[in-house]
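Undergrad: Would you mind keeping the following structure in view while I ask a few things?
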Amino acid sequence: MTDTTAPAPRAVRAARRRDRRVYLHARPALLALLAASRRRPVLRLGRRTVLINDTDTYRYTLTRVPLDRTAAGTTGGAARELAPRGASLLFDQRGAAHREARRAVADSLGAAGVERLRPTWRALLARRLAPLAAGHDLDLVPLARELAGATVCRLVDAAPGTDPMALASAAADAAAAAVRDHLPGPRLPGTAQLAAMAANRLRALLADRTLAGPEEAAQHAMLAVAAITTTVAALPRAAAWCATAHLWPCAADDSLRPALVRELLRVTAPSPLLPRVSAANTTLAGHRVCAGDRLLLVARHAARAHDTPPDAHCPADPATAQLVFGAGPHACPGAPLARAQLADTLAALAPYRPTVVRARVDRRAALPSWRTLTLRATTSPSTPVGQR
Ligand code: HEM
């Protein structure tokens, strides 16, 4: 019998401590701000910024409050960097134009789309996990990059021979440069030019490799950034949680794995903070908000990542777990793909019951991420189940 019972509190604390390092080493100011404010459902910071932690207010803001999708310092504003002059890219669209553009993307990322893409990452997992079986260590971060890059290559029908690692690194550079360019406060000289250059490099790579025109290459670039930065953040962080909290028996169990995947995505909240700008005067949990005010939506707190550990037996309500993918008309269309990739990665790793032997934080990445996450097998798939 495998032990799928809830993990010991000490193991959960160790997993949480390890995961906090991706904030502590790369975004200490953000971590301090989030920690200090998390008990306040909504908090005004200065004259024009409102921090939103509360689950219902987070959902209400994304579904009911008109948002300025093109404002500087928002995800839509950063996405514009990827578009040729005058064009728009989902994140910064509204109304009918958004619904139409979104339908095309949602079709390719629905259940049939996920099944079409699945053989790409399954083949890769089978190949790249072989070193674990041979007793070697495995760094999961390059594997996550390759997996995300190869999936996007297939999604956008890139030419055979397109290098998934080159695509992943161009997308990561473009995302990191855009985040630096859109951070509130003073910017270093040249930040905007560096962001524009990184976006150009990514678009050029995709235009060359997909025979796409400039607008289509920009759409592909937006998909590459949205899919690759989140996947490269999510997979290693979720695997580190699994290894440190001793959750591999749950990951190996077909009936518990789907709940475990939702729970790990909930507690890692790979995209922890959604920067938005209100386009109307409104009231949020008793706080007056004016058009033009900056809204910092803390997905991590709305999904209760900070105080409710993952539990595949008694998972958070799905509507709350789903909040790490946003809510409303712009909610992430890639959520089913992200869940399928994490489920397959955990299922492939589980027979080895790996432990983390080295973990280094990526200080440059757009999202809190590991730069290195080295795993070592503690058992092999041939070991009888009861002895693992
Ligand atoms: C764990 C992985 C992922 C997380 C945590 C995540 C999270 C998010 C979040 C928070 C949003 C903003 C939602 C809102 O404003 O309400 C978003 C939007 C989006 N995501 Fe994801 N995402 C992930 C993976 C992916 C993947 C794999 C793809 C594509 C293959 C993708 C494509 C998109 C797109 C295109 C949008 C913009 C949708 C729109 O504005 O209509 N995401 N994602």
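Undergrad: Can you tell me how many residues within segment 355-379 are open to solvent by 40 Å² or more (accessible area, probe 1.4 Å) and touching a Phe, Trp or Tyr at 6+ places or on another chain (Cβ under 9 Å)?
TA: The number of residues fulfilling the criteria is 3.
Undergrad: Let me ask another. Scan segment 303-329 and report the pairs whose first residue is within 15 Å of Tyr60 (Cβ to Cβ) and whose second residue is within 14 Å of the ligand (Cβ to nearest atom) and open to solvent by 40 Å² or more (accessible area, probe 1.4 Å), with Cβ atoms within less than 7 Å and a gap of 6+ or a chain change.
TA: Partner pairs satisfying both residue conditions: Leu323/Arg59; Gly326/Cys332; Ala327/Arg59; Ala327/Thr63; Gly328/Thr63.
Undergrad: For segment 369-383, enumerate the residues that are at pLDDT below 95 and either more than 17 Å from Trp248 (Cα to Cα) or not polar (S, T, N, Q) (or both).
TA: Pro381, the sole residue that qualifies.
Undergrad: Is it true that Ala83 is within 18 Å of Ala221 (Cβ to Cβ) and buried (at least 17 other Cβ atoms within 10 Å of the Cβ)?
TA: For Ala83, the condition - within 18 Å of Ala221 (Cβ to Cβ) and buried (at least 17 other Cβ atoms within 10 Å of the Cβ) - is met.
Undergrad: I'd like the full set of residues that are assigned to a helix (DSSP H, G or I), within 11 Å of the ligand (Cβ to nearest atom) and open to solvent by less than 20 Å² (accessible area, probe 1.4 Å), limited to segment 145-158.
TA: Those that are assigned to a helix (DSSP H, G or I), within 11 Å of the ligand (Cβ to nearest atom) and open to solvent by less than 20 Å² (accessible area, probe 1.4 Å): Leu147, Ala148, Thr151, Val152.
Undergrad: While we're on this one: Please find, among Thr268, Thr283, Thr244, the residue that is closer than 27 Å to Pro368 by Cβ and open to solvent by 10 Å² or more (accessible area, probe 1.4 Å).
TA: Thr244
Undergrad: Quick check on my filter: what residues within segment 55-80 are open to solvent by less than 50 Å² (accessible area, probe 1.4 Å) and assigned to a loop (DSSP other than H, G, I, E, B)?
TA: Those that are open to solvent by less than 50 Å² (accessible area, probe 1.4 Å) and assigned to a loop (DSSP other than H, G, I, E, B): Val65, Arg69, Ala71, Gly73, Thr74.
Undergrad: Taking segment 311-349, which residues are more than 15 Å from the ligand (Cβ to nearest atom), open to solvent by less than 20 Å² (accessible area, probe 1.4 Å) and part of a helix (DSSP H, G or I)?
TA: Leu349
Listed here are the residues, each with its yes/no results for (1) at pLDDT 95 or above; (2) not charged (D, E, K, R).
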| site | (1), (2) |
| --- | --- |
| Pro315 | yes, yes |
| Ala327 | yes, yes |
| Asp344 | yes, no |
| Pro351 | yes, yes |
| Thr355 | yes, yes |
| Arg358 | yes, no |
| Arg363 | no, no |
| Val385 | no, yes |
| Arg388 | no, no |
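Undergrad: What are the residues in segment 296-310 that are touching a His at 6+ places or on another chain (Cβ under 9 Å) and part of a loop (DSSP other than H, G, I, E, B), if any?
TA: Listed by number, the list holds a single entry, Asp307.
Undergrad: Scan segment 171-226 for residues that are among the acidic types (Asp, Glu) and either modelled with pLDDT under 80 or open to solvent by 80 Å² or more (accessible area, probe 1.4 Å) (or both) and jot them down.
TA: Passing the criteria: Asp181, Asp208, Glu215, Glu216.
The values are calculated or read from the model by the stated rules, or taken from the named source; none is laboratory data. Source: prediction; values computed, not measured. With ideal geometry, Cβ positions are generated from the backbone for all residues, glycine too; neighbour counts draw on all protein chains shown. Accessible surface is based on the protein model in full, side chains and every heavy atom, while ligands, DNA and RNA are left aside. Shrake-Rupley method; radii C 1.70, N 1.55, O 1.52, S 1.80 Å.
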